[in-house]
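Right, one structure below, let's go through it.
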Amino acid sequence: MNALAPALTVTRDLLTGTEWSPAVVRELNHLAADIKARPDRYRRALGGRFLALIFEKPSLRTRVTFEVGIQGMGGGAVFLDHTGTRLGARESIGDVARNLERWVHGIVVRTYEQRVLDELAARAAIPVINALSDRFHPCQALADFFTLEERFGGLRGLKLAYVGDGNNVCHSLLVAGARVGAHVRVATPPSYEPDAETVAEARRAARETHGKIELFHAAEEAVAGAQAVYTDVWASMGQEHEAAERAAIFAPYQVNQALMDLAGPDSVFLHCLPAHRGEEVTDAVMDSPRSIVFDQAENRLHVQKAILLMLLS
Ligand code: CP
């Protein structure tokens, strides 16, 4: 047991974010804040531990922050580029898991289908971390709420408006937001809502924390009085062929100055990045003093270090 690790018992894997209780998320934020304030204390926290990073999709932030985070705590990262071949194509996912568990202490996976993560986790005896799937992006949302806690000093009752596609980032904001007691308002075009099962799970979790989950179709309704306005690209990785069709459907959901003017006076703008400037967000909003998108990106590093310590210590 690592002396720097939290006392709380956590699950072996982080696959969806739903496996973590509100208490675990609080502990994560506490640990991430200490890691950010005193990184030297954690220089050897992962000493002698290795992780495999399997990415089926491109990445800037997730790859760099995991690699720097692992190496910054004395561990080693092995990057396996699967952007050209899907996991399971060369050998079964189970066999990949049973090989990797002999060499490394954890697997970080960016994939398309959530079932790939589930299968790896079922077959490997080491932690599996979701670094983005089509359904969830838990590391992103956890870092986002850490960023909001830094900014506002607390998360209970915080009004976050997510505007755009009911995608993986939206799902993870619902899951994490429910656990921190936030008031998450989602505005999507009809037929692009977050999936009903995830919304129901978030509403169940929000009952415990006095959080609130609301769905809208009008961006203006979701944003009115919000403290944080969040958006993401309209066509996620793998949906590029739908980009033109989606551009027309999502145009009323652009986060521009007029929409930000409806939010609260001290409101901030968030985006998981990469951004398509001029589509889901204007340059003026991205580059405004209210934009905290690069704080979010920085905090991926600190929060993922905390996730690694919670799962591997
Ligand atoms: N936000 C995010 O996950 O960025 P990357 O796709 O660059 O990793």
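The values are calculated or read from the model by the stated rules, or taken from the named source; none is laboratory data. Since this is a predicted model, take the numbers as computed values, not measurements. Counting neighbours? That spans all protein chains shown, and the Cβs are built from the backbone with ideal geometry, glycine included. With ligands, DNA and RNA removed, areas are computed over all heavy atoms of the protein, side chains included. Shrake-Rupley method; radii C 1.70, N 1.55, O 1.52, S 1.80 Å.
What to note about this one:
- Test: residue in segment 64-77 that is within 21 Å of the chain's Cα centre (by Cα) and hydroxyl-bearing (Ser, Thr, Tyr): yes
- Taken together, the residues in segment 230-249 that are of a type in the set (A, V, I, L, M) and under 23 Å from residue 296 (Cβ atoms) amount to 3.
- Filter pass, residue 172 being surrounded by fewer than 22 Cβ atoms within 10 Å (Cβ to Cβ) and touching a helix residue (DSSP H, G or I) at 6+ places or on another chain (Cβ under 9 Å): no
- Residue 302 out of contact with any Gly (no Cβ under 7 Å at 6 or more places or on another chain), more than 24 Å from residue 53 (Cα to Cα) and in contact (Cβ under 8 Å) with a residue 12 or more places away in the chain: no
- A residue that is outside any loop (DSSP other than H, G, I, E, B) and under 23 Å from residue 263 (Cβ atoms) can be found somewhere in segment 195-205.
- Among the numbered conditions (1) at pLDDT below 95; (2) within 16 Å of the ligand (Cβ to nearest atom); (3) not β-branched (Val, Ile, Thr), the only one that residue 57 does not meet is (1).
- Set side by side, the residues 279, 242 differ, and just one is out of contact with any helix residue (DSSP H, G or I) (no Cβ under 8 Å at 6 or more places or on another chain) and more than 14 Å from the ligand (Cβ to nearest atom), which is 242.
- Tally, over segment 117-136, of residues that are free of Cβ contacts under 8 Å to residues at least 60 places away in the same chain and either among the hydroxyl-bearing types (Ser, Thr, Tyr) or open to solvent by less than 10 Å² (accessible area, probe 1.4 Å) (or both): 3
- None of 268, 285, 293, 255 is within 16 Å of the ligand (Cβ to nearest atom), in contact with a strand residue (DSSP E or B) (Cβ under 8 Å, 6 or more places away or on another chain) and at pLDDT 95 or above except 293.
- From the list 105, 137, the lone residue that is within 14 Å of the ligand (Cβ to nearest atom) and in contact with a helix residue (DSSP H, G or I) (Cβ under 7 Å, 6 or more places away or on another chain) is 137.
- Scanning segment 97-143 for residues that are more than 17 Å from the chain's Cα centre (by Cα) and closer than 22 Å to residue 237 by Cα returns 115, 116, 118, 119, 120.
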